[in-house]
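One structure is given here, and the rest of the page talks about it.
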Amino acid sequence: MQTARIICPNGHLGFAPLKPASFALGVAAGPDFIAADSGSDDIGPGPLGSDTCTSPLAWQTHDLEAMLLAAHARGVPMIIGSAGDTGTNSRVDLYVGIIKELAKKHGLAKFKLGYYYSEVSHAYLRGKIRSGDIIEGLEGRDPLTETELDASARVVAMAGVHPFMKLLDQGADVIIGGRSSDSAIFAAAALHRGYEEGLSYYLGKVLECASFCAEPYGGKETVLGEIVDGGVHVTAMHPAQRCTVASVAGHAMYERSNPNHEFVAGGMLDMSQCHYEQISEKTTRVTGPRFVPIDRIRVKLEGSAKVGERFVGMAAVRDPYTIKHIDTVIAWARQQVHDRFGATGYELHYTVYGRDGVMGPLEPVKTPAHELCIVVQGVAPTREMAEEVCITGTRQMFYARLPEVKGTAGSVAFLFDEVLPASPAYRWSVNHTVAVDDPLELFPTHMTEAGL
Amino acid sequence: MQTRKLHELAKTIRSKNAGVDRITFDIIFRDRRTYDAVRRSGAITRDSVLALYGLPESRLTDFVEFDPAFAIKFTIARLRPSGSAGDPDIFGAQQYAPLLDVEVHLPDNEVFEPTL
C-alpha cells in the first residue's frame, strides 16, 4: 500500500503566517501530501456575511506560495480547505487566482488545479423547508425557518471528504476547497490511498490544527502525520516540540464539546476506544479510532445575517462613587437614546471593563476595579443612525445625573470626543444540518490548469 | 486535609468556542494521580461549576471526565452566538479565569509538586 504521509504547516492558513523553519523540516521528511485548513467560525459571522477575509492577502499568499513550491518540487498534491477564512465562492476564486499567479511568477510547469464551491442558494434551502425535509438546528437551535433564511446574507455548507476525493481521483495536483470540515481535508488524502475510515478521519482530526497537537505550546509549526501498521503516527517537526500522549490526547478534545465523538458529513468518528502510546521522542501512536457511517448524510450549514451598521465609543470612570453607580450612569445614557429613537430598531451595547467586561454575567468577582473603561456599540440600519445612537449612548454618560456626586463637571473621562466607525454587525443565523441524497450535490467540483 | 488552588494542580486550564453557540472548558492534569485526586476531592463537579459561574443547570450541556488526557471537560451554552455585537469574547478564550483559584481539598498524605 502506498504511504499517506501528510504535513500540515498551519491550523488556519492566512490568520497568521506559517513558520518556515519547521515547514522546511516537514518537507524534507518526504510527505505524500501538503495540506492545510484555511477557515474557522471563531472569527465571528462578519466575514461570511460581508463576503470578506479576516486574514491579510499577504499572509494568505505567503503560505500558499510556500506550500505550492514545496508540493510542486516534490511532485505531491497540495490540498487547501475552507479557502479565505469562510470558504465562500468568492474566496475559492481568490485562492484559485493566487495559485495561478504564483505558478506564473515561478514559471512552474503546467499542473491540474481542482476546486469546489460550498455556497448554498436560498432557493435550494427554501425548497427543503417547503418540502418538509427539516433543516435541523444544531446545539439546541430550532429548525431553520424561511424568515431566518431570508435574513441570512449567505449560507455555506461544510463538505466532508467527498469533493476532495473526487478531485484527487481526477488527478488534481492542487485542490482549493470551499468550506469543509477541517479533518476531511486530510482524511480524504488517506482514504484516497486506500486506508480505512477510522484511521483516516483520526489522522485528519489530529493534523487539522498543525502544532496545537504538540507541546510545548506554539502555533503555526509543522507536524507530520501518517498511518503505519494500523495506527496513526503524529510527529512534531519543530526541534523543540514533541507530540506526546498528553498533547495528542489533549488536542482530541480541543474546541469540541465531546472529546469522544466528532461528526462529519457522512458519519461520526468514535475516539472513545483510542489508545495513545509514545513510540519515540517526538512521535505518538494512536490506535483504536472507529468511523460509524450514517445512513442518510446530513451536511452542516453556516449562515450569517446582517444586523446593522456599527459605531464604537469609549468612556472611562475614576470617581469611586460613579463606579459604584455605573449602572445608573448607563441607564441614563440608554434613556436618552430611547427618548430619541424609541425602544426598538437599533442595538446599544455597553461592555464595562474593570467590572465584568470580559465575562459579563458569568463573572463571579463582584468588586469593580478603581477605574473602569466602558466600550459602547451602537448598531442601526444606516450608518447615520448607528453613529447617532452610539454618540448619544457614549456622550450622555458625561451628563449622567447622580444625586450625590461631588464632581459636577462631567461623569466620565473621554479618550477622544468621537465615536469610531466599525465593521457592520452580523450574527450567526444558521447553525443547522440539511439531509442530502448525494454527498456531492452541494459541492460542485471544477478542474482547470495553472502553470506554463 | 490540605488545600490547594486548582492552578497549582492542573497543567492546563483553558476555555474556547466549541462551535458558535457554546464555550468548552478543559482542565488537564500532568499525571493520573493528580487527575484522580482532584476528581475524588469533588472540587470540580457539575454542581460546583454551575455555582462558580452562576448558571442554571440548563446551560451546562456537557460534563465529561476524559481519561486519555487526564482531563475534566465541561461545556456551556452561550446566551447569544459568538461574535454577535456586544459579545466581549468572540473566541471564548478568557472565560476560564475563575477556575484558577478553585480550592481543592486533598488528604494530607498526598504530596503534589506544584506545576508550572
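The values are calculated or read from the model by the stated rules, or taken from the named source; none is laboratory data. Computed from a predicted model, the values in this text were never measured in an experiment. In this analysis, Cβ positions are derived from the backbone assuming ideal geometry, glycine residues included, and neighbour counts consider all displayed protein chains.
Considering only residues in the stretch A:404-435 that are among the small types (Gly, Ala, Ser) and at pLDDT below 95, the one that is surrounded by the most Cβ atoms within 10 Å (Cβ to Cβ) turns out to be A:Ser411. When each of B:Leu99, B:Leu50 is tested for being more than 9 Å from every other protein chain (Cβ to nearest Cβ), of a type outside the set (Gly, Ala, Ser), in contact with a Phe, Trp or Tyr (Cβ under 9 Å, 6 or more places away or on another chain) and not in a loop (DSSP other than H, G, I, E, B), the lone residue that passes is B:Leu99. Looking at A:Ala240, A:Ala236, just one residue is away from every other protein chain (no Cβ under 14 Å), buried (at least 21 other Cβ atoms within 10 Å of the Cβ) and at pLDDT 95 or above, and that residue is A:Ala236.
Taking the stretch A:21-31 as the range and being under 16 Å from A:Leu68 (Cβ atoms), more than 23 Å from the chain's Cα centre (by Cα) and touching a residue at least 12 places away in the same chain (Cβ under 8 Å) as the test, the residues that pass are A:Gly26, A:Val27, A:Pro31. Restricting the stretch B:48-77 to residues that are more than 14 Å from B:Ala10 (Cβ to Cβ) and out of contact with any helix residue (DSSP H, G or I) (no Cβ under 9 Å at 6 or more places or on another chain) leaves a set whose member that is surrounded by the fewest Cβ atoms within 10 Å (Cβ to Cβ) is B:Ser58.
Going by the conditions given, is A:Gly178 out of contact with any Leu (no Cβ under 8 Å at 6 or more places or on another chain), surrounded by fewer than 24 Cβ atoms within 10 Å (Cβ to Cβ) and in a loop (DSSP other than H, G, I, E, B)? So A:Gly178 does not fit the description; no.
When the stretch A:117-143 is limited to residues that are in a loop (DSSP other than H, G, I, E, B) and within 14 Å of chain B (Cβ to nearest Cβ), the one that is surrounded by the fewest Cβ atoms within 10 Å (Cβ to Cβ) turns out to be A:Asp142. Residues that are at negative phi and of a type in the set (Asp, Glu) number at least 1 in the following strands (runs of 3 or more DSSP E) confined to the stretch A:284-389: A:298-317, A:347-353. In the stretch A:336-369, which residue that is away from chain B (no Cβ under 14 Å) and touching a residue at least 12 places away in the same chain (Cβ under 8 Å) is surrounded by the most Cβ atoms within 10 Å (Cβ to Cβ)? Here the residue is A:Val337.
Looking at A:Ala400, A:Ala450, just one residue is surrounded by 13 or more Cβ atoms within 10 Å (Cβ to Cβ) and in contact with a strand residue (DSSP E or B) (Cβ under 6 Å, 6 or more places away or on another chain), and that residue is A:Ala450.
Would you please name the residue that is nearest to A:Ile297 (Cα to Cα), looking only at residues in the stretch A:420-452 that are of a type in the set (Val, Ile, Thr) and within 14 Å of chain B (Cβ to nearest Cβ)? Going through the qualifying residues, I end up with A:Thr433. Among the candidates A:Arg401, A:Arg395, A:Arg383, the residue that is modelled with pLDDT under 95 and more than 14 Å from chain B (Cβ to nearest Cβ) is uniquely A:Arg401.
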